1. Which residue is modelled with the lowest pLDDT, if the candidates are limited to region 198-237 and must be away from the ligand (no atom under 16 Å from the Cβ) and under 20 Å from Ile93 (Cβ atoms)?
2. Scanning for something assigned to a strand (DSSP E or B) and under 27 Å from His204 (Cα atoms), does region 58-67 turn up at least one residue?
3. Go through region 112-197 and tell me which strands (runs of 3 or more DSSP E), entirely inside it, have 3 or more residues that are within 15 Å of the ligand (Cβ to nearest atom).
4. Take region 88-111 and flag every residue that is more than 16 Å from the ligand (Cβ to nearest atom), assigned to a helix (DSSP H, G or I) and either of a type in the set (A, V, I, L, M, F, W, C) or more than 15 Å from Ile141 (Cα to Cα) (or both).
5. Pairs please, first residue from region 89-114 and under 17 Å from Ser165 (Cβ atoms), second anywhere and basic (Lys, Arg) and within 16 Å of the ligand (Cβ to nearest atom), Cβ atoms under 7 Å, 6+ apart in sequence or on different chains.
6. Here are some conditions: (1) surrounded by fewer than 19 Cβ atoms within 10 Å (Cβ to Cβ); (2) in a loop (DSSP other than H, G, I, E, B); (3) β-branched (Val, Ile, Thr). Val76 meets all but one. Which one does it not meet?
7. Considering only region 52-65, state which residues are within 20 Å of Met235 (Cα to Cα) and either touching a Leu at 6+ places or on another chain (Cβ under 7 Å) or acidic (Asp, Glu) (or both).
8. State which residue is surrounded by the fewest Cβ atoms within 10 Å (Cβ to Cβ) when the search covers only region 1-28 and only residues that are among the aliphatic types (A, V, I, L, M) and within 30 Å of Gly43 (Cβ to Cβ).
Amino acid sequence: MQTYSITPLLTGVRNPDQGIMTYQKGYGKRIWLPIWAFLLRGGARNILVDTGLDENELMVPSGFFEETGMVPRSIVDCLAGEGLAVDNIDTVINTHLHDDHCGNNGLFRRAKFYVHESETAFCHHPHPIDHRYDPYFVEGIDFVAVADGAEIAPGITVIHSPGHSPGCLSVRVETGEGPAVITGFCCNAENFPAHGPAVCPGVHLDAMAAWDSIQKIKGLGAVILPLHELSLKRMAG
Ligand SMILES: [Zn+2]
């Protein structure tokens, strides 16, 4: 079976309230919210799950380095740190099309792009309640529209997990240590308490769908990699 290594790349950080991750829980607690892209390497493949934040939008809140020892970099610099250039990326899977997950799409001219079809449709005609979309991020990109269960490469499948946005895709990856799943929706470890159901993502267009999706991902029995979890730095190079 083809397996992959997973390397989170830190392309940005924000300093919001925990409640932006966990619906009706954790309000009043400031958190460091890392903006990761995930590099999957296996066989001869170099695959990105999300392309991270556009470096022109990168502003690092004071105290981040002092508290965490972490330094966000442009996606180009992150990849260079792994010995790769943008043209070495053959595949991009966008979990969804919020600005912090597709901000560098335009750099990857040799990559094949995968996204859920309802996500591109929404991005072209977003509702004003969600300000995180910008058609700029999808202009000129020839997306392959995929549905729930699609295999992107041997050992990599996507799971439609809507609610946070219409077309969220979680990504199940076979690794040397067993299956892992990168959530398709914005959350952190606080969304997955040790007991009881997972907590609905704090940002959602459909809270019930988002709740159902996160229970489904929790129930897969895979290692969960929440899109905005700070402790994933343990996996970073
Ligand atoms: Zn996000």
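1. Start the filter on region 198-237 by keeping residues that are away from the ligand (no atom under 16 Å from the Cβ), which leaves 198, 206-209, 211-212, 215-216, 218-223, 231, 233-237.
Within this subset, residues satisfying the condition of being under 20 Å from Ile93 (Cβ atoms) are 216, 220, 222-223, 235-236.
Details: Lys216: 98, Leu220: 96, Ala222: 97, Val223: 98, Met235: 91, Ala236: 83.
Selected residue: Ala236.
2. Within region 58-67, the subset assigned to a strand (DSSP E or B) is none.
No; the residues of region 58-67 include none that is assigned to a strand (DSSP E or B) and under 27 Å from His204 (Cα atoms).
3. Details: elements: 112-116, 143-146, 151-153, 156-160, 169-175, 178-182.
Filter on region 112-197 gives 169-175.
4. Those that are more than 16 Å from the ligand (Cβ to nearest atom), assigned to a helix (DSSP H, G or I) and either of a type in the set (A, V, I, L, M, F, W, C) or more than 15 Å from Ile141 (Cα to Cα) (or both): Asn88, Leu107.
5. His98/Arg132; Asp99/Arg132
6. That leaves (2) as the condition not met.
7. As a first pass, look at region 52-65 and keep what is within 20 Å of Met235 (Cα to Cα): 52-53, 64-65.
Selection gives Gly52 alone.
8. At the first step, the residues of region 1-28 found to be among the aliphatic types (A, V, I, L, M) are 1, 6, 9-10, 13, 20-21.
Pick out the ones that are also within 30 Å of Gly43 (Cβ to Cβ) and you get 1, 6, 9-10.
Working: Met1: 5, Ile6: 21, Leu9: 24, Leu10: 22.
Here the answer is Met1.
The values are calculated or read from the model by the stated rules, or taken from the named source; none is laboratory data. These numbers were taken from a predicted model, which means no experiment stands behind them. Please note: Cβ atoms are built from the backbone with ideal geometry, for glycine as well, and neighbour counts cover all protein chains shown.
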